[in-house]
Every structure is written in structure tokens, then in C-alpha cells.
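Participant: Please read through the structure below; I'll follow up with questions.
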Amino acid sequence: MTILHHLNNSRSQRILWMLEELELPYEVKRYQRDAKTMLAPAALRAVHPLGKSPVLEDDGHIIVESAAIAEYLAEKTGRLGAPSARGDALLYRQFLHYAEGSLMPPLLVKLVLSRVPIMGRLAMARFQPMIDTHLAYVEGELARRPWFAGDAMTAADIMMSFPLEAARARAGLDERYPHALAWLEKVQARPAYRRALEVGGPYAY
Ligand SMILES: N[C@@H](CCC(=O)N[C@@H](CS)C(=O)NCC(=O)O)C(=O)O
């Protein structure tokens, strides 16, 4: 049995989406963020010592890290994984890691700073140009091809959805980046994405 340990309004929405794309049977164990701290409940620590979500339980394995889970599911099903063309396969691997490794950190710093009065605002202004560089890069990539790793959607697109949704909500992803916005619209219109939203519950990016 495949079990997704899902924290509301979190990165595990991506894994729900992937499970729906793959039409795999799965069970969802739900966890609610603390309303004040936004942290996960202690119950998640019983599943994995980091106490973060997503956690996938499958075939006796406990897997954490969204990209590792996405790769695992792609490998298990033979779908949404690396394209066969060498160049596309390299893009696939790159964007699979870029989402959490490079794009999320400045977005997270901005989120944390936005909660710090005065000094936070000053520091935030220094982070926005860094985020703008990423957004311009992503826009340039999506101007060249329909999906991050070529002509077909892959797990790399699933990984990129969360940071780009966060960037649109609070870090300047707007009409200056038409290809990125069109990509987001295309992603959010997919039936599997919509089904995942129904399963996952309110998602505020
Ligand atoms: N790089 C990890 C990040 C995992 C992570 O930080 N998850 C957040 C949800 S968006 C979480 O569980 N936060 C609750 C907490 O830190 O208590 C991944 O992509 O899976």
C-alpha cells in the first residue's frame, strides 16, 4: 500500500498531484499545521525523525524529500521520469533539483523576513533581485519549450510547481513573465492537478 503523509497547505500537494497523474491507488494520512507557528504536529516525527512533509510510505520504504519521492514514483511506474533524449534528460535532472535546491531557498527567506517587522522589510528588498534573476531564468527556459524538460510533462514540472506558485503569490511572478504564467495556468488546469486539490484541501501556495 502507498501512504502519503500529507501536511495541509504544503509541498506534499505536489506528491498528491503526481499520484493522481499516475492514477496509483494510495491512502492519505493527514496532519494539520499549528495555526500560530505553521509547524507540523509532533505526530509526523513518529513517521520520520525530520517531522516534515511529504513522507511517502511504500513497499516497506519510508521516503522523504519531494524530488526523491518523485523520482521513486517515476521509477516505479515508468512514467513522468527522464525523457530519452540526452539533452532533455539533463534538463529533467537539473529542474528536479533546482526547484528545492536553488529556487526555494530565497523564496523561503523572503517568507520568513516578511514576518519580521521593519528590519525584515529592509532585508527583503535585498532578496528580491535574487528572486528576479531566478524568475527571468525560468521565463527564458519556458520560452524555449512547453515543459521544463522538453515536449512532455515530467516530474520536473511537478517539482517546479510549488516554487512558482509561491513566487506568483508573494515574490513577483507576474505579467512580466508570460511564459511562466502560461505554464502555471496549463498545470493548474490539468484534471489530475484539480483532483489532487480536492484530496489535499485548501492550498494557499
Ligand atoms: N526539501 C523538503 C522540504 C520539506 C519541508 O520543509 N516541508 C514543509 C512543508 S512545505 C514542512 O513539513 N514544514 C513543517 C515543519 O517544518 O514543521 C522537500 O521538498 O520535501
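The values are calculated or read from the model by the stated rules, or taken from the named source; none is laboratory data. A quick note: this is a predicted structure, and the numbers were derived from the prediction, not measured. Here the Cβ positions follow ideal geometry from the backbone for every residue, glycine too, while neighbour counts run over all protein chains shown.
Participant: Condition test on V187, is it aliphatic (A, V, I, L, M), assigned to a helix (DSSP H, G or I) and without any contact (Cβ under 8 Å) to a residue 40 or more places away in the chain?
Facilitator: Numbers: aliphatic (A, V, I, L, M): yes; assigned to a helix (DSSP H, G or I): yes; without any contact (Cβ under 8 Å) to a residue 40 or more places away in the chain: yes.
Judged against the criteria, V187 is a match.
Participant: OK, next. Does V64 meet the test of being in the same structural domain as A182 (by TED's automatic domain parsing), β-branched (V, I, T) and within 16 Å of the ligand (Cβ to nearest atom)?
Facilitator: Details: in the same structural domain as A182 (by TED's automatic domain parsing): no; β-branched (V, I, T): yes; within 16 Å of the ligand (Cβ to nearest atom): yes.
Against the criterion (in the same structural domain as A182 (by TED's automatic domain parsing), β-branched (V, I, T) and within 16 Å of the ligand (Cβ to nearest atom)), V64 does not qualify.
Participant: Okay, moving on. Could you tell me which numbered condition A156 fails, if it satisfies all but one of (1) within 19 Å of L22 (Cα to Cα); (2) in contact (Cβ under 8 Å) with a residue 60 or more places away in the chain; (3) out of contact with any strand residue (DSSP E or B) (no Cβ under 9 Å at 6 or more places or on another chain); (4) buried (at least 19 other Cβ atoms within 10 Å of the Cβ)?
Facilitator: A156 satisfies every listed condition except (3).
Participant: Moving on to the next point. When P202 is evaluated against the numbered criteria (1) away from the ligand (no atom under 16 Å from the Cβ); (2) surrounded by fewer than 17 Cβ atoms within 10 Å (Cβ to Cβ); (3) touching a residue at least 60 places away in the same chain (Cβ under 8 Å), which criterion, by number, is the only one it fails?
Facilitator: (1)
Participant: Looking only at residues in segment 30-76 that are over 18 Å from the mean Cα position of the chain (by Cα) and under 22 Å from F95 (Cα atoms), which one is surrounded by the most Cβ atoms within 10 Å (Cβ to Cβ)?
Facilitator: K76
Participant: Continuing with the same structure: Being of a type in the set (V, I, T), in contact with a His (Cβ under 9 Å, 6 or more places away or on another chain) and farther than 30 Å from L90 by Cβ: is that true of V138 here?
Facilitator: no
Participant: Exactly one of these conditions fails for Y72: (1) outside the structural domain of A149 (by TED's automatic domain parsing); (2) in contact (Cβ under 8 Å) with a residue 40 or more places away in the chain; (3) at negative phi; (4) not basic (K, R). Give me its number.
Facilitator: Y72 satisfies every listed condition except (2).
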